[in-house]
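A.B. asks: Pasting in a structure now, in structure tokens, and then I'll have a few things to ask.
The values are calculated or read from the model by the stated rules, or taken from the named source; none is laboratory data. Just so it is clear, the model here is predicted, and its values are computed rather than measured. Note that we place each Cβ from the backbone using ideal geometry, even for glycine, and neighbour counts take in every protein chain shown. Quick note on the areas: whole protein, heavy atoms, side chains included, nothing else; ligands and nucleic acids left out. Shrake-Rupley method; radii C 1.70, N 1.55, O 1.52, S 1.80 Å.
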Amino acid sequence: MELERHAYDVVVVGAGGAGLRAAIAAHEAGARTAVVCKSLLGKAHTVMAEGGIAAAMGNAYPEDGWRVHFRDTMRGGKMLNHWRMAQLHAQEAPDRVRELEDWGALFDRTPDGLISQRDFGGHRYARLAHVGDRTGLELIRTLQQRTVALGVDVYMECTVTRLLTDADGVTGAFGYWRESGRFLAWEAPSVVLATGGIGKAYKVTSNSWEYTGDGHSLALAAGAGLVNMEFVQFHPTGMVWPPSVRGILVTESVRGDGGVLRNSAGNRFMFDYIPDFFRKETAETEDEADRWYDDKKNNRRPPELLPRDEVARAINSEVKAGRGSPHGGVFLDIASRRPAEYVRRRLPSMYHQFKELADVDITAEPMEVGPTCHYVMGGVEVDPDTAAASVPGLFAAGEVAGGMHGSNRLGGNSLSDLLVFGRRAGVAAAEHASKRAGVVALREEALVEAARAALAPFEREGGENPYAVQSELQQTMHDLVGIIRTAPEMERALERIAVLRERVAALSVEGHRQYNPGWHLALDLPHLLAVSECIARAALAREESRGGHTRDDFPATDPEWGRTNLVCTRTPDGELTVTRQPLPEMPPELAEVFEEQT
Ligand code: FAD
């Protein structure tokens, strides 16, 4: 079989923040390292991150520290986070940010020259290091430059379709060049998955075309477990109009910098949706909320900065109650609250985004916004210290990994997660590879089988088009496994997913292998179906409401479920199973943090 072959110690799948940070760490640990990515280097999802990187550096508030960040993260995730991941994340994020600065990242500064830190929902203190509202761009620029300067090999516009394993674990990966359609295989004892999210399973999303849950699905197929898959984050503020831009993100920094949400009657409705869990730390009146922007010590936070799940549900309820904006969202107003010059300086991308895409001047009029599928909390179950999955040689970091964010991620905690666990994954992957040097080999039959499966859509004639299947799946997930869920709807979703799976097995693609997006989508669809099924099954099993998972038929948060994780795995014959697993127990010295500060 015609096949390009390569051998490395560590292959990193994904060139977002997690993948690049992992590759740098693996290379620095002496491993021969390659990075593979679906799109051009630098175009990963991370580049779209706007608001900033959460790290308790204490620049804005000296009383901030890792324990406060740990507590905020756990509370934001409604205590379902893996405590050890949340601890490592809070402890190591400041060093990872300083390291980025050493490598050339130019953060915005405070008047006395420190890295500036901005407010975001759920964070007790202003702690997001940022570069205007283009933080992800700077992060990627810095990591990319370092990766290339170190001489890490990069395979771009190249999609991995299979992980290769033997009885002892990972042996490599198989994929194709998107441009030529030619196949290639990497022999490697360690593979780090850093493939990002699953947003393209939903109709309205802030995610771009490449977030089809590949890493989640590849890990599942290789025998790893996926944890917390029922928790999908709907960001409260995506654009709603015009239809061509529906779902594009409106950064939380708009609210962090003073923007407020209003309904069609002009009311700041978030005051009506403050849950008891956050009441003590949330302002009761508009006056107190407004004072908080200038005096955080003596006032409580505005309810617009509650965690994302709370704000998304509130917007959903206002729209359902008939108090929405003309195009089915609500109003986000910063124009009447801050001078035009301030808005243009603090939120340059938002200013241009609305001007160019919606012909709205956000310094003069309110934006229309509504929830958009943004982030998946669920992902590969990993060991917190090493990012190792249960399959030897397989590691996962960034959005594709699960556990860190529990049932709901706080804004800014993803970029820090990528850096902290990307580095840990790279170090551990290099170490694993050093112990398995020279003993892995690719089995010829596995390569032939991977190629056969990839070419199957060309062999069939008269089947339907992959785009039709994708759009039905997206509509199904949007309608039946969205922000508010019920058992009958999710059962219906699972029936439809089963039918869609049969249709995917029968679909055909036209043309040839050279740059053929229809074929690429045909190969992505099984991944989308796998993650959709995991989300729906886990969501059906969790009979409570918590974080990013709201059940209309089980509206309360149930303490028993607060001690339980759901893990999806595949049986050897391909069946998906969902297993209950007790949460890891938090050591008493960490549990004390919650008594200290609540
Ligand atoms: P990504 O950056 O998503 O990269 C995934 C990589 O995997 C890509 O290179 C892709 O090509 C590759 N890939 C995928 N599948 C394959 C395959 N089969 N074969 C080969 N390569 C593959 N978080 C914050 O903390 N702060 C913010 O301010 C913030 N703002 C955001 C704004 C927007 C608009 C969006 C969408 C997200 C934002 N987030 C933010 C979330 C954060 O950006 C993402 O969670 C994070 O960047 C994910 O990084 P990652 O490294 O895990 O993956």
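A.B. asks: Two-decimal Rg/Rh of segment 80-168 from alpha-carbon positions, Kirkwood Rh?
C.D. replies: Values: Rg = 17.5 Å, Rh = 16.2 Å.
Rounded to two decimals, Rg over Rh is 1.08.
A.B. asks: Further, regarding this structure: Got a number for carbon plus sulfur as a percent of segment 267-405's accessible area, 1.4 Å probe? Working shown, then result.
C.D. replies: Numbers: 2550 of 5530 Å².
Carbon with sulfur: 46 percent of the solvent-accessible area.
A.B. asks: What's the ranking of 43-53, 1-11, 162-172 by average number of surrounding C-beta atoms within 10 Å, highest first?
C.D. replies: Details: 43-53: 26.1, 1-11: 18.4, 162-172: 20.0.
Highest to lowest by the protection proxy: 43-53, 162-172, 1-11.
A.B. asks: Determine the shape class of segment 292-365: with a ≥ b ≥ c the square roots of the Cα gyration tensor eigenvalues, call it rounded for a/c under 1.5, and otherwise prolate if a/b is greater than b/c, oblate otherwise.
C.D. replies: Working: a/c = 2.22, a/b = 1.02, b/c = 2.17.
The shape class here is oblate.
A.B. asks: Rounded if a/c is under 1.5, else prolate if a/b is larger than b/c, else oblate: which is segment 367-518, with a ≥ b ≥ c the root eigenvalues of its Cα gyration tensor? Don't skip to the end; give the middle numbers.
C.D. replies: Values: a/c = 2.20, a/b = 1.12, b/c = 1.97.
Cα axes put segment 367-518 in the oblate bin.
A.B. asks: Quick check on the chain: helices-only [θ] at 222 nm, where DSSP H runs of length 4 and up contribute -39,500 (n - 2.57) each and the sum goes over total residues. Nearest 500, please.
C.D. replies: Values: 17 runs with 223 residues, N = 598.
The helix-only estimate for the chain comes to -12000 deg cm²/dmol at 222 nm.
A.B. asks: Sticking with this structure for a sec: With every protein chain kept in place and ligands, DNA and RNA left out, what is the accessible area per residue of segment 291-334? Probe 1.4 Å, answer in Å². If you can, show how the numbers build up before the last one.
C.D. replies: On the way: 1740 Å² over 44 residues.
The answer is 39 Å² per residue.
A.B. asks: Would you mind checking the pairs Lys38/Lys435; Lys203/Lys320; Lys43/Lys355; Lys296/Lys355 and listing those with alpha carbons more than 25 angstrom apart? Walk me through the numbers on the way to the answer.
C.D. replies: Details: Lys38/Lys435 29 Å; Lys203/Lys320 19 Å; Lys43/Lys355 23 Å; Lys296/Lys355 32 Å.
Pairs exceeding the cut-off: Lys38/Lys435; Lys296/Lys355.
A.B. asks: Extension gain Ala453-Ala505, at 0.36 nm per residue separation less the Cα-Cα distance, in nm?
C.D. replies: On the way: separation 52, 0.36 × 52 = 18.72 nm, distance 1.04 nm.
Difference between extended and current length: 17.7 nm.
A.B. asks: When the chain is fully extended, how far beyond the present Cα-Cα distance does Ala487 get from Glu179, taking 0.36 nm per residue of separation?
C.D. replies: Numbers: separation 308, 0.36 × 308 = 110.88 nm, distance 4.30 nm.
Length gained between Ala487 and Glu179: 106.6 nm.
A.B. asks: Taking 7 Å along the Cα-to-C-beta vector as the label spot, tell me the Trp103-Leu150 distance in nanometres, rounded to one decimal.
C.D. replies: Each label point is offset 7 Å from its Cα along the Cβ direction, giving 0.7 nm.
A.B. asks: Could you compute the FRET efficiency for Ala437 and Asp553, with r as their C-beta to C-beta distance and R0 at 51 Å, rounded to 0.05? Show your work: numbers first, answer last.
C.D. replies: Values: r = 54 Å, r/R0 = 1.05.
Efficiency for this residue pair is about 0.45.
A.B. asks: On to the next question. Suppose every Lys and Arg Cβ carries +1 and every Asp and Glu Cβ carries -1, with no other charges. What dipole size does the chain come out with about its Cα centre, to the nearest 20 debye? Walk me through the intermediate numbers first.
C.D. replies: On the way: 66 positive and 84 negative charges, 98 e Å.
Using only the charged Cβ atoms, the result is roughly 460 debye.
A.B. asks: Further, regarding this structure: Find which of Gly562, Gly547, Gly181 sits farthest along the positive direction of the dipole of the chain, computed with +1 on the beta-carbon of Lys and Arg, -1 on that of Asp and Glu, about the Cα centre.
C.D. replies: In the chain, that residue is Gly181.
A.B. asks: Give the peptides 109-118, 248-257 in descending order of average Cβ contacts within 10 Å, highest first. Before the final figure, lay out each step's value.
C.D. replies: Working: 109-118: 15.1, 248-257: 25.3.
Highest to lowest by the protection proxy: 248-257, 109-118.
A.B. asks: Between Thr205 and residues 5 or more places away or on another chain, which pairs have amide H atoms under 5 Å apart, with H built 1.01 Å from N, and which residues are they?
C.D. replies: Close amide H contacts, sequence-distant or interchain: Cys373.
A.B. asks: Residue-wise, which Karplus ³J(HN,Hα) couplings in Hz belong to segment 80-87, taking 6.51 cos²θ - 1.76 cosθ + 1.60, θ = phi - 60°, and x for glycine or proline?
C.D. replies: Whole-Hz 3J(HN,Hα) from phi for segment 80-87: 9, 4, 5, 4, 5, 5, 5, 5.
A.B. asks: Also, quick follow-up: Quick check for you: with a 1.4 Å probe and neighbouring chains kept, what is the accessible area per residue of segment 68-111, in Å²?
C.D. replies: Details: 1460 Å² over 44 residues.
Counting only protein heavy atoms, the per-residue value for segment 68-111 is 33 Å².
A.B. asks: Still on this structure: In whole Å, how far is the Cα centre of segment 92-141 from that of segment 509-527?
C.D. replies: So the separation of the two Cα centres works out to 39 Å.
A.B. asks: Output needed: Cys residues of the chain lacking any neighbouring Cys C-beta below 4.7 Å, sorted by number.
C.D. replies: If one checks each Cβ against the other cysteines of the chain, Cys37, Cys158, Cys373 turn up with nothing under 4.7 Å.
A.B. asks: Counting only protein heavy atoms and a 1.4 Å probe, tell me what percentage of segment 79-175's accessible area is made up of carbon and sulfur.
C.D. replies: Numbers: 1670 of 3500 Å².
The value for segment 79-175 is 48 percent carbon and sulfur by accessible area.
A.B. asks: Quote to one decimal, in nm, the extra length available between Glu288 and Asn267 on full extension: 0.36 nm per residue of separation minus the C-alpha distance between them. Don't skip to the end; give the middle numbers.
C.D. replies: On the way: separation 21, 0.36 × 21 = 7.56 nm, distance 1.61 nm.
Stretched out fully, the Glu288 to Asn267 stretch lengthens by 6.0 nm.
A.B. asks: Which of the three applies to segment 1-55, rounded, prolate or oblate, going by the alpha-carbon gyration tensor with a ≥ b ≥ c and a/c under 1.5 meaning rounded?
C.D. replies: Values: a/c = 4.56, a/b = 1.55, b/c = 2.93.
It comes out oblate by the Cα gyration axes.
A.B. asks: Given a 1.4 Å probe, how much area per residue of segment 484-598 is accessible, in Å²? Please list the in-between numbers first.
C.D. replies: Values: 5560 Å² over 115 residues.
Computed with neighbouring chains in place, this is 48 Å² per residue.
A.B. asks: Here is a further query. Of the beta bridges DSSP finds with both residues in the chain, what % are antiparallel, to the nearest 5?
C.D. replies: About 65 percent, rounded to the nearest 5.
A.B. asks: Calculated FRET efficiency, Ala167 and Glu575, Cβ-Cβ r, R0 30 Å, to nearest 0.05?
C.D. replies: Working: r = 21 Å, r/R0 = 0.71.
My answer for the efficiency is 0.90.
A.B. asks: Taking all protein chains as present, what is the carbon and sulfur share of the accessible area of segment 554-593, in % to the nearest whole number, probe 1.4 Å?
C.D. replies: On the way: 1390 of 2530 Å².
Answer for segment 554-593: carbon and sulfur cover 55 percent of the accessible area.
A.B. asks: May I pose another question? Once you put a point 7 Å from the Cα of His478 and another 7 Å from the Cα of Glu2, both along the Cβ direction, what distance in nm separates them?
C.D. replies: 4.1 nm
A.B. asks: Ordering Lys203, Lys435 by how much accessible area each has at a 1.4 Å probe, largest first, what is the list? Show your work: numbers first, answer last.
C.D. replies: Values: Lys203 100, Lys435 150 Å².
Order by accessible area, largest first: Lys435, Lys203.
A.B. asks: At what distance in nm do the modelled label points of Ala340 and Glu596 sit from each other, each positioned 7 Å from its Cα along Cα→Cβ?
C.D. replies: Result for the modelled spin labels: 4.8 nm.
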